[in-house]
Every structure is written in structure tokens, then in C-alpha cells.
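Here the structure comes first, spelled out in C-alpha cells, and everything after it is commentary.
The values are calculated or read from the model by the stated rules, or taken from the named source; none is laboratory data. Treat the numbers as computed from the prediction; the structure is a model and nothing was measured. Glycine gets a Cβ as well: all are built from the backbone with ideal geometry, and neighbour counts include every protein chain shown.
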There are 2 protein chains.
Amino acid sequence: MNDVASLAGVSRGSVSNYINGKKTKAETQAKIKEAIAALDYVPNAMARALKTSKSNFVVFIVPTVNSPFFSELSYHMQQELQRHAYKMILCNSNNTSEEEIEYIQMANAQKVAGLITMSYANVANLIDTSIPLVSIEKRVSQNVPLITSDNYMGGRLAGETLAKLGAKRLLFISKKPVKNISAVRERGFLDYCQENDIFADVFLARKKINFISDFKRFVKDNFVDQHFPYDGVFSDSDEYASDFYHILIQAGVQVPNQVQIIGFDGSRVYARQRITLSSIKQSTAHIAKYAVEKLLLQIESKNERTFLGETTVIPVSFEKGITTK
Amino acid sequence: MNDVASLAGVSRGSVSNYINGKKTKAETQAKIKEAIAALDYVPNAMARALKTSKSNFVVFIVPTVNSPFFSELSYHMQQELQRHAYKMILCNSNNTSEEEIEYIQMANAQKVAGLITMSYANVANLIDTSIPLVSIEKRVSQNVPLITSDNYMGGRLAGETLAKLGAKRLLFISKKPVKNISAVRERGFLDYCQENDIFADVFLARKKINFISDFKRFVKDNFVDQHFPYDGVFSDSDEYASDFYHILIQAGVQVPNQVQIIGFDGSRVYARQRITLSSIKQSTAHIAKYAVEKLLLQIESKNERTFLGETTVIPVSFEKGITTK
């Protein structure tokens with residue numbers, strides 16, 4: 001590297017920046033490129049990583065990147081890691097613990113710099129304790145920091161917003177089993193309704209692939225004299241909320257005039273467009289920011305993970321789409 | 001590795017499979033894990049990669065993962081690479097050549113196994129010619145295989161479908177500048193209309209961030225006596241098509257009764273749900289499959305990239321949503 005710097009007539013730091021993909025002036029870049037070519041110098045990141053026992057890869061495990069929330073979060077995660085000169089290895093676990101375990105074995109074997117997981121499997125004991133680890137949404141173990149949206153307040157906010165917008169007969173919809181963060185969202189919603197004497201029902205579709213038929217049947221069975229007996233619907237995810245929205249529209253219900261709907265997540269389908277469904281918005285940018293921050297703390301303090309069982313709770317907010325007044 | 005296999009009482013192959021994250025029986029895994037712990041053996045993928053001058057990382061550069069098409073494609077790409085024991089490093093270039101160049105420098109420095117890019121920048125001369133490379137949608141150079149959907153036939157199919165469904169006054173919408181694959185889609189559409197004596201107009205929004213205002217103005221200016229003078233609309237992307245759909249709905253136009261709309265991409269917002277917009281569907285699964293196949297051919301033939309300037313054209317299909325009859 002010294003030879004390259006000397007031949008190019010630039011500082012060693014500039015060469016290092018260039019090699020590590022940091023920004024360098026076009027003019028400097030050209031000089032360094034020429035020197036590298038002349039000297040046949042191969043900047044080998046793997047050799048460096050091996051020497052320092054460190055790599056700059058961070059594994060990010062999501063259930064699937066193919067949904068608005070996870071793709072938005074993956075986008076911010078990659079940008080945030082890049083800001084700190086780390087590269088993101090993206091893994092889709094497809095919600096199976098088997099695939100997740102494979103990735104964790106890979107992370108152990110590759111000596112990656114760290115692991116950020118939205119784990120749904122019980123994987124804590126599989127992870128090499130020397131690998132910095134951050135979990136999102138669900139705690140992996142007591143020694144691992146957790147980043148989570150304020151799901152309970154999100155549920156309350158949904159109830160409060162529907163009530164303030166005039167809804168009087170509320171309904172929570174989801175599918176069985178309602179667990180983890182979804183149950184917390186439901187709890188917040190029902191607590192708000194109970195504390196404020198607001199009528200609230202719960203309908204849960206059965207646990208099966210074609211659970212949408214349960215939503216359809218529920219709407220049909222409850223539809224009497226052109227009238228749907230609920231005027232405010234909250235779901236723990238935009239996905240179910242959008243299913244329900246389309247079923248109501250097809251049944252001739254006017255949304256939001258007769259029934260208002262609020263989902264959860266609030267991620268945009270296209271970054272440029274507004275959201276369609278009104279929703280309790282999770283700040284994916286902040287989730288990514290804090291996940292990377294907590295990971296870097298561990299990497300920099302030589303992987304001491306004790307005392308790190310803290311939880312960072314990210315506030316949520318209501319965002320209006322076309323399904324509320 | 002021999003010591004681990006011997007102590008665990010399993011084959012060397014089983015240990016290798018375990019280390020490389022391939023499937024092994026739970027019982028075998030337990031034995032290997034115990035032996036690894038007893039021997040304090042660190043299977044270091046980086047050390048192996050360095051020894052063989054190979055890594056199993058493939059860089060995939062997309063403009064942004066945060067849109068249905070790119071997130072669906074990224075999902076399939078990761079799954080396809082995983083099937084062949086490669087890991088995907090995901091990079092969002094944000095459509096800037098600067099960020100893309102940084103990633104390519106990183107790929108050169110890290111000695112990754114290969115690079116798959118949906119490049120919008122002119123980056124051919126920056127890439128170390130020893131790195132296997134596949135481009136999607138836009139050719140990087142004459143020596144690099146290209147995987148692309150059949151954009152021309154997609155445009156024709158949109159025209160044909162609208163005509164068969166009874167539309168008589170067609171409109172192509174997009175924004176300036178219409179280039180590359182978008183121009184090919186437009187050409188296919190207009191060629192079909194011309195050859196079949198079907199009336200077809202083109203409206204292009206100006207090149208600016210808030211181009212949607214141009215779509216709104218166009219709808220308003222052309223709206224005479226409750227009547228919009230076009231009954232079939234095609235756009236080169238689902239994104240613009242969905243913008244236009246919402247503008248028409250807000251103007252009181254009945255879709256699909258008065259105006260039918262077909263977009264391009266056909267990616268699902270949620271994998272489980274049906275598409276909303278009728279669309280010319282790109283097969284993201286096939287694009288990923290062939291991109292990885294062409295990359296592996298290069299990796300296996302020791303990176304000889306000559307004669308590889310071939311194009312693999314993936315057929316498209318029409319998929320019905322709620323915006324056509």
C-alpha cells in the first residue's frame with residue numbers, strides 16, 4: 001500500500017480509503033488506479049480480514065425480503081451498515097427455523113462481524129457467543145440487545161385514533177395464533193377500548209393457508225340489511241388489513257364513510273408514493289439505525305455481550321391513508 | 001477437520017457439510033458440535049477462501065430493494081444463490097453511479113465470487129475482468145451475459161390484451177426520459193397498435209421529482225363532460241400505472257368499466273396476495289435462476305468471459321388484476 005501511495009503521489013490514507021470503497025476525489029482515484037495497475041497490486045480484503053480476525057460482513061436475517069415492511073427495513077439496514085463501512089449479507093429465513101439455523105452456522109463459520117436477526121426460531125444456543133448479535137422484534141436471549149417498535153402504544157394509538165374519528169363499534173382482526181408482538185398490539189388496542197368504555201370485538205381467522213375465506217365468511221355472516229355492524233377495524237398488520245379492506249369493498253361497504261380501517265407497519269409499497277391503508281407506522285429507518293448502533297458497540301468492545309440485555313423501544317406514529325376519515 | 005471427524009465418529013464429509021452450512025442430521029450435528037468444542041476447532045471460511053483464492057459471496061446490486069419488483073427479485077436471487085451454497089451481499093445503488101462504483105471497488109477488493117448487477121451506470125471498465133459478472137436488464141459490456149425480460153413482446157401483449165378486452169382508444173403513459181427497456185416496451189405497444197389500426201396516444205410527464213402533477217393535469221385537461229377520451233392505458237411500470245389508477249378513480253372514472261389499465265412488472269406486494277393492477281408480469285424467479293446459472297458457468301470455467309456476450313430473454317405473461325375486464 002505504501003508503494004501505491006508513493007507512486008501515485010498521494011497519502012497512504014487516500015489509498016486505504018480508495019481500497020475500502022470510501023469516497024475519494026476523482027483525480028486522486030485516477031492516480032491510485034494507475035499506480036495499482038502499474039504495480040499489479042491486489043488489495044485483498046480477505047487477507048486483511050484474516051490478519052485482524054475480523055471481516056466487515058454483517059448477516060441480516062429476515063423472514064422474507066418480499067414484503068413492504070421487510071424490504072423497507074432491509075433497505076435502511078444496508079444503507080446504515082454501509083455508512084459504517086460494513087456490507088450486508090441478506091438472508092431470507094422463510095420463517096423456518098431450519099433455514100435460520102443454516103445461516104447462523106454460516107455466520108459462525110465465516111467469522112462475520114455480526115448478526116442482526118428478526119428471529120422466529122429459538123436459536124440463542126446455536127450462536128457462537130463471540131459473534132456480536134442484535135435482535136429485532138423478538139428477544140433471542142437475555143444477553144442480546146433487542147430493538148422493537150412500541151407495539152403496545154401502537155395498539156392503543158389505533159384504538160384512540162378510531163375513537164377520535166367517530167368510530168363507536170370497533171373490531172380487531174388477525175389470524176390464529178396471535179402471539180408475540182401481535183398479541184401486544186391487540187392488548188394495547190383492547191386496553192384502550194376497555195379503559196374508555198368503547199365497544200370492541202375480536203375476530204381471528206383459523207390457522208390455515210387459506211385463512212382469507214374465514215374473513216370473507218365473517219363479513220358475510222355479519223352483514224345484515226346492507227349494514228356491517230362495526231365502523232372501525234384494526235389489524236396487527238397491513239397485510240391482513242388490506243385483505244379485509246378488499247373484502248369490505250367487494251361487499252359494497254363504503255370505506256372510510258361506513259367503516260374505517262387501520263393497519264400496522266405503514267411501509268410504503270413504492271418509496272415515493274403515499275400509503276393506501278391508514279396505519280400505525282413503524283420507523284424502519286430508526287430500527288435500522290439503533291440495530292446497527294447496538295451492534296457496533298459490541299464489535300468495538302471486543303464482543304463483550306454481558307449487560308447488553310437492554311431493550312430499545314422505537315416510538316410509532318399514526319399515518320393517514322385512504323381508509324380513515 | 002480430520003481430528004473433528006475422528007473424535008465425532010463421523011465422516012470428514014459430514015464435518016465439511018456441517019461447516020459449510022449444508023443439511024446434516026440433528027444427531028450428527030450434535031456429535032460434530034461437541035467435537036468442535038472439545039478441540040477448540042475454528043472452521044474459518046475466510047482462511048479457506050484465501051487458500052483457494054475464492055469466496056462464496058456474490059454481490060447483487062439493485063437500484064433499491066424497497067419496491068415490489070426488486071424485493072421479489074432479491075428474494076429469488078438469494079434463494080437461488082443459497083441453493084448453490086453462495087451468499088448474497090445486497091447493495092442498493094439508489095440509482096447513482098457513484099454508489100455503484102463504490103460497490104464494484106468493494107467487490108474487486110474483497111475478491112467476491114461474482115457480481116450480478118442491474119446497473120444504470122456505465123461501469124464496465126471499472127470491473128476487474130477476473131470477476132464473473134452477469135447483468136440484468138441493461139448490458140454492461142459485450143463480454144457480459146445479459147438476462148432480460150421480453151420487453152418488446154410485453155409491450156405488444158399489453159396492446160393486444162387491451163384491444164381484445166374491447167378498448168379502442170389507447171394511451172401509453174410514462175415520464176421523460178423514456179429510455180432503455182421502457183422505450184422498448186413503448187415501441188412494442190405502439191407497433192402492435194399501428195399494425196392493427198388501433199388508435200394510440202402517448203403522454204409523458206416531465207423529468208422532475210413531482211411528475212405526478214403532470215399526470216393529474218393531463219387527466220383534468222382531457223376530461224370533458226364526465227368523459228375521459230381513452231379507454232385503455234398502458235404504462236411501462238406498475239408504479240406509474242398505480243399513480244394513474246388513483247388519479248382516475250379520484251376523478252370519478254370507473255376502472256375497469258370505463259378505462260382499463262395495464263402496468264408492467266406484476267410483482268406482488270405480499271407474496272400471498274393477488275396483484276391489484278393488471279400487468280405484464282416479469283418472471284423474477286426465472287430471471288434469478290438464469291442470472292445465477294450464467295454466473296456459475298463463468299465461475300466454473302475459471303472466469304473466462306469471452307464468448308459470453310449472449311442474451312437470455314425471459315418470456316413475460318399477462319396477469320389479470322382488478323383494472324381490466
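Among the β-branched types (Val, Ile, Thr) and either within 11 Å of chain B (Cβ to nearest Cβ) or in a loop (DSSP other than H, G, I, E, B) (or both): which single residue out of A:116, A:131 fits that description?
Working: A:116 fails: either within 11 Å of chain B (Cβ to nearest Cβ) or in a loop (DSSP other than H, G, I, E, B) (or both).
Answer to the selection: A:131.
Take the residues in the stretch A:80-100 that are within 30 Å of residue B:32 (Cβ to Cβ) and charged (D, E, K, R), then tell me which one is farthest from the other protein chains (Cβ to nearest Cβ). Walk me through how you get there before you give the answer.
The first filter runs over the stretch A:80-100 and keeps only residues within 30 Å of residue B:32 (Cβ to Cβ), leaving A:86-100.
Pick out the ones that are also charged (D, E, K, R) and you get A:87, A:98-100.
Numbers: A:87: 5, A:98: 8, A:99: 8, A:100: 11 Å.
Per the stated criteria, the residue is A:100.
Give the residue, chosen from B:207, B:175, that is touching a residue at least 60 places away in the same chain (Cβ under 8 Å) and under 24 Å from the mean Cα position of the chain (by Cα).
On the way: B:207 fails: touching a residue at least 60 places away in the same chain (Cβ under 8 Å).
On inspection, the qualifying residue turns out to be B:175.
Is the stretch A:250-258 home to any residue that is out of contact with any Ser or Thr (no Cβ under 6 Å at 6 or more places or on another chain) and closer than 18 Å to residue A:178 by Cβ?
Narrowing the stretch A:250-258 to residues out of contact with any Ser or Thr (no Cβ under 6 Å at 6 or more places or on another chain): A:250-254, A:257-258.
With closer than 18 Å to residue A:178 by Cβ added as a condition, the list becomes none.
There is no residue in the stretch A:250-258 that is out of contact with any Ser or Thr (no Cβ under 6 Å at 6 or more places or on another chain) and closer than 18 Å to residue A:178 by Cβ.
Going through A:211, A:218 one at a time, which residue ends up being in the same structural domain as residue A:250 (by TED's automatic domain parsing), of a type in the set (Phe, Trp, Tyr), modelled with pLDDT under 95 and touching a strand residue (DSSP E or B) at 6+ places or on another chain (Cβ under 8 Å)? Lay out the reasoning, then the answer.
Working: A:218 fails: modelled with pLDDT under 95.
So the residue among A:211, A:218 that is in the same structural domain as residue A:250 (by TED's automatic domain parsing), of a type in the set (Phe, Trp, Tyr), modelled with pLDDT under 95 and touching a strand residue (DSSP E or B) at 6+ places or on another chain (Cβ under 8 Å) is A:211.
Of the conditions (1) within 14 Å of another protein chain (Cβ to nearest Cβ); (2) crowded, with 19+ Cβ neighbours inside 10 Å; (3) not aromatic (Phe, Trp, Tyr), residue A:295 clears all except one; give me its number.
(1)
Looking at the structure I just gave you, is residue A:264 more than 29 Å from residue A:115 (Cβ to Cβ) and assigned to a strand (DSSP E or B)?
Working: more than 29 Å from residue A:115 (Cβ to Cβ): no; assigned to a strand (DSSP E or B): yes.
Answer is no for this residue.
So which residues in the stretch B:171-228 are part of a helix (DSSP H, G or I) and farther than 21 Å from residue B:150 by Cα, if there are any at all? Reasoning before the result, please.
Let us first name the residues in the stretch B:171-228 that are part of a helix (DSSP H, G or I), namely B:180-195, B:212-222.
Correct list: B:212, B:213, B:214, B:215, B:216, B:217, B:218, B:219, B:220, B:221, B:222.
Among (1) surrounded by fewer than 20 Cβ atoms within 10 Å (Cβ to Cβ); (2) of a type in the set (S, T, N, Q); (3) away from chain A (no Cβ under 13 Å); (4) farther than 30 Å from residue B:222 by Cβ, there is one condition residue B:273 misses while meeting the rest; what is its number?
Tallying (1) surrounded by fewer than 20 Cβ atoms within 10 Å (Cβ to Cβ); (2) of a type in the set (S, T, N, Q); (3) away from chain A (no Cβ under 13 Å); (4) farther than 30 Å from residue B:222 by Cβ, residue B:273 fails exactly one: (3).
Only one of these is surrounded by fewer than 24 Cβ atoms within 10 Å (Cβ to Cβ), over 30 Å from residue B:275 (Cβ atoms) and out of contact with any Pro (no Cβ under 6 Å at 6 or more places or on another chain): B:82, B:105. Name it.
Numbers: B:82 fails: over 30 Å from residue B:275 (Cβ atoms).
From the options B:82, B:105, the qualifying one is B:105.
Tell me yes or no: at least one residue of the stretch B:216-224 is in contact (Cβ under 8 Å) with a residue 24 or more places away in the chain, of a type in the set (Phe, Trp, Tyr), surrounded by fewer than 20 Cβ atoms within 10 Å (Cβ to Cβ) and closer than 23 Å to residue B:320 by Cβ.
No.
So, of the residues in the stretch A:242-260 that are more than 11 Å from chain B (Cβ to nearest Cβ) and touching a Gly at 6+ places or on another chain (Cβ under 8 Å), which turns out to be nearest to residue A:70 (Cα to Cα)?
If we take residues in the stretch A:242-260 being more than 11 Å from chain B (Cβ to nearest Cβ) and touching a Gly at 6+ places or on another chain (Cβ under 8 Å), then A:260 is nearest to residue A:70 (Cα to Cα).
So that you can scan it fast, the table gives a plain yes or no per residue for (1) within 12 Å of another protein chain (Cβ to nearest Cβ); (2) in a helix (DSSP H, G or I); (3) at pLDDT 75 or above:
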site: A:102; (1), (2), (3): yes, yes, yes
site: A:109; (1), (2), (3): yes, yes, no
site: A:112; (1), (2), (3): yes, no, yes
site: A:135; (1), (2), (3): no, no, yes
site: A:138; (1), (2), (3): no, no, yes
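Please go through the stretch A:67-79 and pick out each residue that is facing chain B (nearest Cβ under 7 Å) and surrounded by fewer than 23 Cβ atoms within 10 Å (Cβ to Cβ).
Residues of the stretch A:67-79 facing chain B (nearest Cβ under 7 Å): A:67-68, A:71-72, A:74-75, A:78-79.
If the condition is that a residue be facing chain B (nearest Cβ under 7 Å) and surrounded by fewer than 23 Cβ atoms within 10 Å (Cβ to Cβ), then A:79 is the only one that fits.
Among helices (runs of 4 or more DSSP H) lying entirely in the stretch B:1-78, which contain 2 or more residues that are at pLDDT below 75, of a type in the set (Gly, Ala, Ser) and farther than 28 Å from residue B:105 by Cα?
B:26-39
I'd like the full set of residues that are hydroxyl-bearing (Ser, Thr, Tyr) and either more than 26 Å from the chain's Cα centre (by Cα) or crowded, with 23+ Cβ neighbours inside 10 Å (or both), limited to the stretch A:147-172.
Step one: of the stretch A:147-172, the residues hydroxyl-bearing (Ser, Thr, Tyr) are A:148-149, A:152, A:161.
Hit for the stretch A:147-172 is A:149, nothing else.
Just to be sure, is residue B:166 assigned to a loop (DSSP other than H, G, I, E, B) and closer than 24 Å to residue B:222 by Cβ?
yes
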